[in-house]
Amino acid sequence: MDSYIWGLILVGMLATFATRALPFIVLGQYAQHPLLKFLGRYLPPVMMVLLVVYATGSMANDVSTGVILGVSAMCVALLQWFFSNPLLSIFLGTLIYAVLI
Amino acid sequence: MRQLLSITLPVALGYVPLGMAFGVLFVSQLDYAWYMASIMALLVFAGSAQFLAVGLLANQASLVEVGVAIFLLNARHLFYGLSLLSELQLRGWRRWYLIFALTDESYSLITSLKADVRKQQSLHWQIAAINQGYWVLGCTLGALLGVGVDIPTQGLEFVLPALFIVLCVEQYRVVRAKGLMLGAAAIASFSLWLWSQQMLILSILLSLSLLLITYRSGRWIATSGG
């Protein structure tokens with residue numbers, strides 16, 4: 001168990017550092033390539049959708065939990081859409097989930 | 001120092017509570033020592049990746065899955081570096097530290113400095129270091145709080161999906177890629193149904209294929225204006 005979390009931290013560190021350091025190492029020679037510009041724009045929203053489903057999917061063990069997850073998720077999305085305050089959306093959304101569950 | 005503190009105050013107000021949420025989540029969801037939360041804040045230093053790491057640790061994800069997921073989650077950083085490339089004159093460890101610690105918030109602070117202040121390059125890595133200080137402080141406080149005080153943690157696991165929903169809404173606001181995001185939702189649901197154990201890797205591969213097909217079809221040019 002202990003070596004697993006150290007392995008995860010090391011991999012997480014290298015993966016994060018790679019995203020921050022690669023432009024400085026390859027000197028941006030591909031920066032203007034249209035495929036990179038395309039991925040730069042559209043990969044982030046696609047990844048966020050995948051992660052929402054990944055994070056909720058591992059929690060939805062039965063139908064009632066699924067419904068509560070859906071309701072809470074809608075609350076977070078609406079709060080964020082109208083107030084644009086991440087801490088508020090996360091805090092209130094989690095509170096709603098915690099009360100319902 | 002006063003200048004640094006006043007520049008970074010908004011980041012402190014965001015990082016300390018968010019770090020605390022991470023710390024509490026870490027100790028309440030996992031069976032690791034509290035200080036592993038601080039070590040993660042020191043070595044990984046990426047907000048959403050650390051929250052995801054809690055989920056990955058709980059699911060005992062493979063290290064390949066961890067590497068791919070965190071790399072792609074942070075892939076937006078690839079494009080921050082590019083825009084700082086030409087002006088970054090720091091050398092040696094200061095340069096590499098700034099690159100290591102170039103979070104969304106440090107990047108936006110540095111790029112929004114007034115031109116005369118922005119010329120002081122030593123400020124850049126100091127801003128990054130102070131911001132990391134806030135983050136480590138928040139994560140550590142949260143982990144200690146989670147261990148020491150018996151706060152009700154039921155439902156706290158929702159912090160992770162809530163964070164990604166917030167990021168999703170913000171991405172939609174900026175990019176408006178409705179078709180691609182719906183496609184990704186369909187792919188993710190399908191992958192979850194087909195192979196829930198390896199859902200993340202499977203849906204990433206399928207989504208990358210979808211992105212490449214969309215790119216090849218050339219249709220994105222018409223919709224990418226703005």
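Check the stretch B:127-134 and report whether any residue there is of a type in the set (A, V, I, L, M) and not assigned by TED's automatic domain parsing to the domain that holds B:PRO10. Outline the logic, then answer.
Looking only at the stretch B:127-134, we keep the residues that are of a type in the set (A, V, I, L, M), and these are B:127-130.
Remaining after also requiring not assigned by TED's automatic domain parsing to the domain that holds B:PRO10: none.
Scanning the stretch B:127-134 turns up no residue that is of a type in the set (A, V, I, L, M) and not assigned by TED's automatic domain parsing to the domain that holds B:PRO10.
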Picking from B:LEU194, B:LEU206, B:LEU211, B:LEU202, the residue that is within 24 Å of B:VAL66 (Cα to Cα), out of contact with any Gly (no Cβ under 7 Å at 6 or more places or on another chain) and at the interface with another protein chain (Cβ under 8 Å from one of its Cβ atoms) would be B:LEU211
Out of all the residues in the stretch A:45-55, is one or more of a type outside the set (Gly, Ala, Ser) and either more than 7 Å from chain B (Cβ to nearest Cβ) or touching a residue at least 24 places away in the same chain (Cβ under 8 Å) (or both)?
-> no
Residues that are among the small types (Gly, Ala, Ser) and either at the interface with another protein chain (Cβ under 7 Å from one of its Cβ atoms) or in contact (Cβ under 8 Å) with a residue 12 or more places away in the chain (or both), drawn from the stretch B:145-178 | B:GLY146, B:GLY155, B:ALA162, B:ALA177
Evaluation of B:PHE45 against (1) assigned to a helix (DSSP H, G or I); (2) in contact (Cβ under 8 Å) with a residue 40 or more places away in the chain; (3) at the interface with another protein chain (Cβ under 9 Å from one of its Cβ atoms) (one fails), failing number = (1)
Output for Cβ contacts, cut-off 7 Å, separation at least six or different chains, first residue within 7 Å of chain A (Cβ to nearest Cβ) in the stretch B:58-71, second crowded, with 17+ Cβ neighbours inside 10 Å and among the β-branched types (Val, Ile, Thr), reads B:LEU63/A:VAL11; B:VAL66/A:VAL11; B:GLY67/A:VAL11; B:ILE70/A:THR16; B:PHE71/A:THR19
Just checking, which of B:LEU167, B:LEU180 is more than 18 Å from the chain's Cα centre (by Cα), outside the structural domain of B:SER38 (by TED's automatic domain parsing) and among the aliphatic types (A, V, I, L, M)?
-> B:LEU180
(1) modelled with pLDDT of 85 or more; (2) of a type in the set (A, V, I, L, M); (3) in contact with a Lys or Arg (Cβ under 8 Å, 6 or more places away or on another chain): which one isn't true of B:LEU137, the others all being true?
-> (3)
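If a residue counts only when it is among the charged types (D, E, K, R) and touching a Phe, Trp or Tyr at 6+ places or on another chain (Cβ under 9 Å), which helices (runs of 4 or more DSSP H) contained entirely in the stretch B:51-165 have at least 2 such residues?
Details: elements: B:63-73, B:77-84, B:92-100, B:104-111, B:115-118, B:121-148.
Output list reads B:92-100, B:104-111.
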All conditions in (1) under 23 Å from B:GLN198 (Cβ atoms); (2) in contact with a Leu (Cβ under 6 Å, 6 or more places away or on another chain); (3) at the interface with chain B (Cβ under 7 Å from one of its Cβ atoms) are true of A:ALA60 except (3)
Applying the selection to the stretch B:192-226, what residues are at pLDDT below 85 and within 17 Å of B:ALA177 (Cα to Cα)?
-> B:GLY218, B:ARG219, B:TRP220, B:ILE221, B:ALA222, B:THR223, B:SER224, B:GLY225, B:GLY226
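Does A:SER72 satisfy being polar (S, T, N, Q), touching a residue at least 12 places away in the same chain (Cβ under 8 Å) and either within 9 Å of chain B (Cβ to nearest Cβ) or assigned to a helix (DSSP H, G or I) (or both)? Explain how you work it out, then say what you get.
On the way: polar (S, T, N, Q): yes; touching a residue at least 12 places away in the same chain (Cβ under 8 Å): yes; either within 9 Å of chain B (Cβ to nearest Cβ) or assigned to a helix (DSSP H, G or I) (or both): yes.
So A:SER72 passes the test.
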Of (1) more than 14 Å from A:GLY57 (Cα to Cα); (2) buried (at least 19 other Cβ atoms within 10 Å of the Cβ), B:ALA188 satisfies every one except (1)
Sole exception among (1) more than 7 Å from every other protein chain (Cβ to nearest Cβ); (2) modelled with pLDDT under 85; (3) within 18 Å of the chain's Cα centre (by Cα) for A:ARG41, by number | (1)
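The values are calculated or read from the model by the stated rules, or taken from the named source; none is laboratory data. What you see is a predicted model, and the numbers here were worked out from it, not measured in a lab. Glycine gets a Cβ as well: all are built from the backbone with ideal geometry, and neighbour counts include every protein chain shown.
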